[in-house]
Amino acid sequence: MAILEVKDIRKSFGKTQVLRDISFSLERGQVVSIIGSSGSGKTTLLRCLNFLERPDGGSIAVNGETLFDAADPATQREAEIRRKRLHFGLVFQSFNLFPQYTALENVTLAGKLLAREDPDYKARKKELFGRIEAEARQLLGQMGLSDRMDNYPHQLSGGQQQRVAIARALALRPDILCFDEPTSALDPELTQEVLRVIRQLAQRQTTMIIVTHEMAFARDVSSHVIFMDGGVVVESGDPEQVIGAPTQERTRRFLDSYNQN
Amino acid sequence: MQLMLQQFPIVVHALNVGFLQTLKLFLVTGLGAIPLGLVIAFGSMSRFKPLSLFTRLVVWIVRGTPLMIQLLIIYYFPGMVLGHNVWGSGETGRFLASAIAFIFNYACYFSEIYRGGIQSVPVGQQEAGLVLGMTKGQIFYKVTLLQVIKRIVPPMSNEIITLVKDTALARIIALQEIIWAGQSFLKGSHGIAGALWPLFFTAVYYLIFNGIVTVALGRLEKRLDYFR
Ligand SMILES: Nc1ncnc2c1ncn2[C@@H]1O[C@H](COP(=O)(O)OP(=O)(O)OP(=O)(O)O)[C@@H](O)[C@H]1O
Ligand SMILES: [Mg+2]
């Protein structure tokens, strides 16, 4: 069974239709890259998956459970959205770390707040927090930040900040981790260090959706590439095919604009 | 000079008593207006249009008219309508009326500072919190609030220093604060009359107190320097 099933997602802002019947599915451990020119709706799609935008039509199912169905109001209750979000993680282009917390605190904050909902939080607080912190340290270590845990975001480079943000998202063990142009705010050197950790995650079978402009990276990290234009999926499939030998004129034109630089 | 030295202990004692009232008004206003300002700020940012429009109208009126007039209205207007002074005739009533006028006036000023502070926190902060499964309340208390505080400390410091001096306006309804105490030596009080210097001397109290306030707020600003 697919871990994620997205069907006919539609979204408009006022009169502009930004997503038109987007459908795709994803298997556990797969990596999907979404490519496409500016304004094609990539960010909007990720925001819909993370319930930051509400689609006007379509459905989203994770592990066979329908999290959202535009036709079924029972799936849209405000009170349940917060929990549903936890199936997804989102790494932003601009990191959005919390400036007043250290790297470690950024990674542990949400987990500690969620632990409060544990039925015997009071009795087990120490144990729960201990585990959350141990996991956070381990994740930051995995991101190559063992010696940066107690630094505040402004004391870190962009690449380091983005790696903290990745650890922060992973700490809640999402089923699917989404990246929205994770390296677009970084210079080439820092881009590579972030791409390296995403590659590691792919090797560990982390299910991911990556919106990116790094074509070479998308080509070798993904199991699947989706090319979007004007709010529709123009072409999708094997990375070697979509990026290496696109069948659609629009895809070719888009990729050509990359090869020129 | 000789005379002034003789008058000095008497005057200082009277000014101390007046200053205590000034201090009380300052503290009560601060304690009331700081939280009330937040309520007003939320009102003015409400997505329920009638509420936000009404709140902004009230804030506009309060900020657009002199505090002195507001004091007079709050103290005398109920009496004009009801035919008797609701505040009672004593110092307690005058203090109560002053406190209400000051709290409301300053809460309106603070609310605008809060609103600016809250709106200056990037939406990405809130979205990051949402995506991590935090509630709106958790995001406000754990993520946004401290960033807002950091941003509003400098403008709030300005307002608070102004407040220290503005307490003198309560003199208009004869609250017995330090200006009232200093002025009493003009007409005659404690056996001293026609002395202007006590009134001038009140400035020293304001200056010293504002010095203390400035240092305290400067420390708070420093303490929030650890993040950006
Ligand atoms: N909140 C919004 N209100 C109105 N229009 C919006 C909003 N968000 C996005 N749009 C519009 O939707 C379209 C798609 O935007 P989106 O950000 O999803 O594109 P994108 O593919 O992520 O582009 P980029 O590569 O530049 O990040 C754009 O035309 C944009 O102007
Ligand atoms: Mg985008």
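Below are the figures for this structure:
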{"item": "Per-residue ³J(HN,Hα) for the stretch B:216-228, Karplus 6.51 cos²θ - 1.76 cosθ + 1.60, θ = phi - 60°, Hz, x for Gly and Pro", "result": "4, 5, x, 5, 4, 4, 4, 5, 9, 6, 6, 10, 10"}
{"item": "Proximal lysines relative to A:Lys7, as straight alpha-carbon distance under 23 Å, when same-chain residues fewer than 8 apart are discounted", "result": "A:Lys15, A:Lys42, A:Lys84"}
{"item": "Sequence-distant residues sharing a close amide H with A:Asp229 (under 5 Å, placed H)", "result": "A:Val234"}
{"item": "Gyration tensor (alpha-carbon) shape descriptor, the protein assembly as shown, a/c threshold 1.5", "result": "prolate"}
{"item": "222 nm mean residue ellipticity, helices alone, for the protein assembly as shown (DSSP H n ≥ 4; -39,500 (n - 2.57); rounded to 500)", "result": "-18500 deg cm²/dmol"}
{"item": "In order through the stretch B:62-69: 3J(HN,Hα) via Karplus (6.51 cos²θ - 1.76 cosθ + 1.60), integer Hz, x for Gly, Pro", "result": "5, 7, x, 10, x, 4, 4, 5"}
{"item": "Rounded accessible area of B:Tyr109 (nearest 10 Å², 1.4 Å probe)", "result": "60 Å²"}
{"item": "Portion, in percent, of the accessible area of the stretch B:112-155 that falls on carbon or sulfur, probe 1.4 Å", "result": "63 percent"}
{"item": "Placed amide H near A:Gly39: partners under 5 Å, 5+ positions off or other chain", "result": "none"}
{"item": "Residue-normalised accessible area of the stretch A:3-104, expressed per residue, 1.4 Å probe, Å²", "result": "41 Å²"}
{"item": "Solvent-accessible area, 1.4 Å probe, carbon plus sulfur percent, for chain A", "result": "44 percent"}
{"item": "Whether chain B is rounded, prolate or oblate, judged on the alpha carbon gyration tensor where a/c under 1.5 counts as rounded", "result": "oblate"}
{"item": "Ranking by accessible area, most exposed first, for B:Trp197, B:Trp60, B:Trp180 with a 1.4 Å probe", "result": "B:Trp60, B:Trp180, B:Trp197"}
{"item": "Flagged links, alpha-carbon separation over 18 Å, of A:Lys112/B:Lys136; A:Lys122/B:Lys136; B:Lys24/B:Lys187", "result": "A:Lys122/B:Lys136; B:Lys24/B:Lys187"}
{"item": "Exposure of A:Phe13 as accessible area (Å², to 10), given a probe of 1.4 Å and all protein chains", "result": "90 Å²"}
{"item": "Delta accessible area of at least 50 Å² on complex formation, residues of the stretch B:129-149, 1.4 Å probe, chain isolated as reference", "result": "B:Leu130, B:Val131, B:Leu132, B:Gly133, B:Met134, B:Gln138, B:Lys142"}
{"item": "Residue-level accessible surface for B:Thr214, protein heavy atoms, 1.4 Å, Å²", "result": "70 Å²"}
{"item": "Eligible aspartates and glutamates near A:Lys11 by straight Cα distance, threshold 12 Å, same-chain separation 8 or greater", "result": "A:Asp21, A:Glu53, A:Asp56"}
{"item": "Exposure ranking of A:Asp69, A:Asp150 by accessible area [1.4 Å probe, largest first]", "result": "A:Asp150, A:Asp69"}
{"item": "Solvent-accessible ranking of A:Leu86, B:Leu96, A:Leu145, largest area first, probe 1.4 Å", "result": "B:Leu96, A:Leu86, A:Leu145"}
{"item": "Cα gyration tensor category, rounded, prolate or oblate, for the stretch A:110-253 with a/c compared to 1.5", "result": "prolate"}
{"item": "Accessible area buried between chains A and B, both sides summed, probe 1.4 Å, in Å² to nearest 100", "result": "2100 Å²"}
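The values are calculated or read from the model by the stated rules, or taken from the named source; none is laboratory data. What you are looking at is a predicted structure, and each value in this text was computed from that prediction instead of being measured. What goes into the accessible areas is simple: the full protein's heavy atoms, side chains included, and nothing from ligands, DNA or RNA. Shrake-Rupley method; radii C 1.70, N 1.55, O 1.52, S 1.80 Å.
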